[in-house]
Amino acid sequence: MVPHLVTALTGPLLDLEEKIIAATPAIERWFRLEWQEHTPPFYASVDLRNAGYKLAPVDTNLFPGGFHFLANEMIPLSVQAAMAAIDKYCPDARNLLLIPEIKPRHPTYFQGVARLMQIFRQTGLSVRFGTLDPSITQPTPLALPDGNMLVVEPLVRSPNGRRLGLKDFDPCTILLNNDLSAGIPDILTNLHEQSLLPPLHAGWAVRRKSNHFNAYDEVAKKFGKLIGVDPWMVNPFHAKCGAVDLATGEGQECLASSVDAVLAKIRKKYKEYGIKEKPFVIIKPDAGTYGKGIITIRDAAELKELSEEQRARMTVIKDGKAVTDLNIQEGVPTFESIKEAFAEPVVYMIDRYVVGGFYRVHGEKGPDQNLNAPGSQFVPLAFAQQHALPDVKAKPGTAVPNRFYVYGVVARLALLAASLEMERTDPDPEVY
């Protein structure tokens, strides 16, 4: 399904699409060379926002959990990508241990985990589930919304303490689908004989959005130079403020000045491109959110008018994690809609390959609001048939494969930035 575009892809985004399609050979060669130098994350999902005048990633998730929202047609491609990913770490792998979230972030989360199991079983792996939940001391079945069952088991360290597995199950590779917001548990540390994917520093106990978007700045500049476009077309402005406590007002001056600075940069670009929208910024915790602790601001003066409830939401997020560092990000409105509800594309990747995606749709949110909130729905994107084969002869803005190809290109820019981010924040680079 392709959503109705209120903007009908007018103006700068048409030019961007046209240049990306025309430069396809150069883009694919550039990515190929970059992946010779950098290792892509094992898997990732990227939230995109299409404003009609720019297309930019606004969040990159290294522990994607929505694989059940992908179209069934994408499963064969997912299996091929998973094979390529596993071969890098353990070519003769037989067993895969998958560690999911303890507290699911969506009612159907475990269906996504079951879909992952289906994908990896098709690669020839035996897949079982371990849990970090200390209350689970024996194999425990979990009922899925579709009527199936999924069994989670307690984790067991080997007698020498160097390996992690389950009773009578010794995996070559351990796949985390848990973002470690609550911290890094001891049982996952000092594993010297197995691949733990993603690495521990990819979890929100360590990872910061500001590091990711600093790396993305570099990637966007290279890409802009490659195809001859303003990097801003694919890159939101951003800034960071540390030691902020909205409950007490600490750090509010830094926050207000950063908001003013980012808004000023957006206004300058809007003037350059004749964009009539009123600019805004999104303030979010610098560590992971899953839609928590996010506010929209159009003027720094609004910070003084935040309600106690808004301030409280910005001080503590998932797993009771206190928020001290905030990210101020250029707001990119979405003008894509499905049945009059605003939508944003989310692109899924395994290794360096796009394996599908979906539209996140929310009927109660506006074009300038966070759609990753309770009440959101998901419409699969049929990326496949020829998502990688754009129609170079099609008029810009008219061909579905071209739209999806452009989504995939920008998502892969974020994937490359995540690769740089992981390299630069690795506490033990020799082992990376």
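The values are calculated or read from the model by the stated rules, or taken from the named source; none is laboratory data. None of the values given here were measured: they were computed from a predicted structure. Positions of Cβ are backbone-derived with ideal geometry, glycine not excepted, and every protein chain shown enters the neighbour counts. Ligands, DNA and RNA are stripped out before the accessible areas are found, and what is left, the full protein with its side chains, is counted by its heavy atoms. Shrake-Rupley method; radii C 1.70, N 1.55, O 1.52, S 1.80 Å.
Between the C-alpha center of the stretch 248-278 and that of the stretch 164-228 there is a gap of 31 Å. A simple rule links phi to the HN-Hα coupling: the Karplus curve 6.51 cos²θ - 1.76 cosθ + 1.60 with θ = phi - 60°, which for the stretch 181-189 gives 4, 7, x, 9, x, 4, 5, 9, 8 Hz, with x for Gly and Pro. Rounded to the nearest 5, the antiparallel percentage of DSSP beta bridges internal to the chain is 75%.
Per Stokes-Einstein, at 4 °C and 1.567 mPa s, what whole-number D in µm² s⁻¹ belongs to the stretch 236-281, with the Kirkwood radius over Cα pairs as the hydrodynamic radius? Diffusion coefficient, whole number: 111 µm²/s.
Among the listed pairs K222/K276; K221/K269; K54/K209, those with a Cα-Cα distance over 24 Å are K222/K276. Within the stretch 92-165, DSSP assigns beta bridges of which about 45% are antiparallel (rounded to the nearest 5). Shape analysis of the stretch 54-176 yields a ratio of the Cα radius of gyration to the Kirkwood radius, Rg/Rh, of 0.98.
The Kirkwood radius of the chain, taken over pairs of alpha-carbon atoms, gives through the Stokes-Einstein law at 4 °C and 1.567 mPa s a diffusion coefficient of 58 µm² s⁻¹.
Between G375, G293, G147, the GNM of the chain built on Cα springs shorter than 10 angstrom shows G147 fluctuating the most.
Proximity of backbone amide H atoms, modeled 1.01 Å from N, is registered between S195 and I174 at under 5 Å, excluding neighbours fewer than 5 places apart on the same chain. Which net charge results for the neighbourhood of G357, defined as the other residues with beta-carbon distances under 15 angstrom from its beta-carbon, given Lys and Arg at +1 and Asp and Glu at -1? Every neighbour counted, the sum reads 0.
Computed over protein heavy atoms with a 1.4 angstrom probe, the accessible surface ordering of E18, E330, E340, E28, largest first, is E340, E18, E28, E330. For the chain, which span is the longest to avoid every loop-located (per DSSP) member of trypsin sites (Lys or Arg not before Pro) having at most 12 other Cβ atoms inside 10 Å? Here the longest run is 168-275. Helix 400-425 and the longest principal axis of the C-alpha atoms of the chain enclose an angle of approximately 60°. Each eigenvalue of the Cα gyration tensor of the stretch 249-379, multiplied by 5 and square-rooted, gives one semi-axis; in descending order these are 25, 21, 15 Å. Mind giving me the FRET efficiency for E302 and D170? R0 is 41 Å, r the Cβ-Cβ distance, nearest 0.05 is fine. Efficiency, rounded to the nearest 0.05: 0.15.
Computed from Cα atoms alone, the Kirkwood hydrodynamic radius reported for the stretch 74-114 is 12.2 Å. Put simply, the convex hull of the Cα atoms in the stretch 8-75 casts, on average, a shadow of 6.5 nm².
Near R267: Cβ cut-off under 13 Å, other residues only, Lys/Arg at +1 and Asp/Glu at -1. The net charge is +2. Compared with the dominant principal axis of the Cα atoms in the chain, helix 75-89 is inclined by about 70°. Taking every DSSP helix (H) stretch of at least 4 residues in the chain, weighting each as -39,500 (n - 2.57) and dividing the sum by the residue count yields a mean residue ellipticity at 222 nm of -9500 deg cm²/dmol.
The angle between the Cα long axis of helix 24-37 and the main principal axis of the chain comes to about 40°, on a 0 to 90 degree scale. Note on the chain: GNM, Cα springs under 10 Å; of N61, N72, N235, the largest mean-square fluctuation is that of N72. Summarising the amide proton neighbourhood of I338: residues at separation of 5 or more, or on other chains, whose placed amide H is nearer than 5 Å comprise A343. Straight Cα distances below 15 angstrom link K339 to the aspartates and glutamates E364, with same-chain residues fewer than 8 positions distant left out. Computed over the stretch 179-295, the alpha-carbon pair-distance distribution with 10 angstrom bins reads 11, 30, 32, 19, 7, 1, each value a whole percent.
Scanning residues 5 or more positions from H106 or on other chains, none has an amide H under 5 Å from its amide H, with H placed 1.01 Å from N in the peptide plane.
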